[in-house]
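No lab work stands behind these numbers, since they all come straight from the coordinates. What you see is a predicted model, and the numbers here were worked out from it, not measured in a lab. Neighbour counts run over all protein chains shown; Cβ positions are idealised from the backbone, glycine included.
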Amino acid sequence: MEKISDECLICGAPLEYLDQAVPMSCSICHKTTLSNARCTEGHYVCDGCHTSGVDQIVSICLSERSTNPIALLERMMSLPFCHMHGPEHHIMVSAALITAYRNAGGAVALPQALSEAIARGKQVPGGVCGNWGACGAGISTGIFWSIVTKSSPLAKESWALGNRMTSHALNRISEHGGPRCCKRDAYLAILAAIEFTQEHLGITMERPSKIVCTRSSMNNQCIGSDCPFNL
């Protein structure tokens, strides 16, 4: 069992990560689900409660005309529902990319695409970066790709490129090592997706000249100067 200094959403105590998932009752909704994580005081918050409020991103996406997915992500991450870490990032990455893609000229029905991105992103559990070896922010770029290309398990080229998109994002994330930071990994995933989308779909989303993290003080596992956004 590895104990990590992080904050419980209920009491602020450190979290502990178990080697095996066990049934836990959510301290908010009381639903019992399997989880590898709880705080040292025994509290557990399920992914559903952790992402409560994520539907607020829809109004941002529908009203924005920006082609900069990082700027869109920043607006989402500043909403009260968004925590320093958590599975909400598995949704927000794809939503920011889909919106910027549409605004840059990509053919996609935005309301339906956002609804699907939220539904798919909610299926990617918290902690997959360490438990599955595939960061949810990277997986979210694959969700983006699959939606805008209308891919499916029976597709050919879009299926192949969707897996390559996810691989590209995960590789970019892995280059900076752990422990996880959902903000850092979301930035890296989006930057990888901007490049990949331009190369393979010919849609140019705006890439910011510089990204500077403003939330390092909120992250007990911040890697400091090793982070490319710690400027």
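Distances between placed amide hydrogens fall under 5 Å for MET24 paired with THR33, LEU34, SER35, all partners being 5 or more residues away or on another chain.
The convex hull around the C-alpha trace of segment 109-231, projected and averaged over every direction, spans 8.3 square nanometres. The charge dipole of segment 119-213, taken about the Cα centre with unit charges on the Cβ atoms of Lys, Arg (+1) and Asp, Glu (-1), comes to about 240 debye, rounded to the nearest 20.
Stretching the chain fully between GLN112 and ALA155 yields a gain of 13.5 nm (0.36 nm per residue, less the alpha carbon separation). Applying 0.36 nm per residue to the separation of ARG215 and ASP19 and subtracting their alpha-carbon distance, the gain on full extension is 67.6 nm.
Each of the trypsin sites (Lys or Arg not before Pro) that DSSP puts in a loop and that has at most 15 other Cβ atoms within 10 Å breaks the chain; the longest unbroken stretch is 66-149. Find which of LEU231, SER216, ALA71 sits farthest along the positive direction of the dipole of the chain, computed with +1 on the beta-carbon of Lys and Arg, -1 on that of Asp and Glu, about the Cα centre. After comparing all options, I get ALA71. The sum of -39500 (n - 2.57) across all DSSP H runs of n ≥ 4, divided by the residue count of the chain, sets its helix-only mean residue ellipticity at 222 nm to -13500 deg cm²/dmol.
Put a plus charge on the Cβ of each Lys and Arg, a minus charge on the Cβ of each Asp and Glu, and nothing anywhere else: the dipole of segment 1-111 about its Cα centre is then about 400 debye.
Each label point was placed 7 Å from the Cα along the Cα-to-Cβ direction; for SER59 and TRP132 their separation is 3.1 nm.
Where the centre of each part is set by its Cα atoms, how far does segment 88-142 sit from segment 27-58, in angstrom? Centre-to-centre (Cα) distance: 19 Å.
The phi-based Karplus calculation (6.51 cos²θ - 1.76 cosθ + 1.60; θ = phi - 60°) puts the 3J(HN,Hα) values of segment 112-127 at 5, 5, 5, 4, 5, 4, 5, 4, 6, x, 5, 7, 8, x, x, x Hz, whole numbers, x for Gly and Pro. Summarising the label geometry, the points placed 7 Å from Cα in the beta-carbon direction at CYS49 and ILE28 lie 0.7 nm from one another. Fully extending the segment from ASN171 to THR204 would add 9.7 nm, taking 0.36 nm per residue of separation and subtracting the current Cα-Cα distance.
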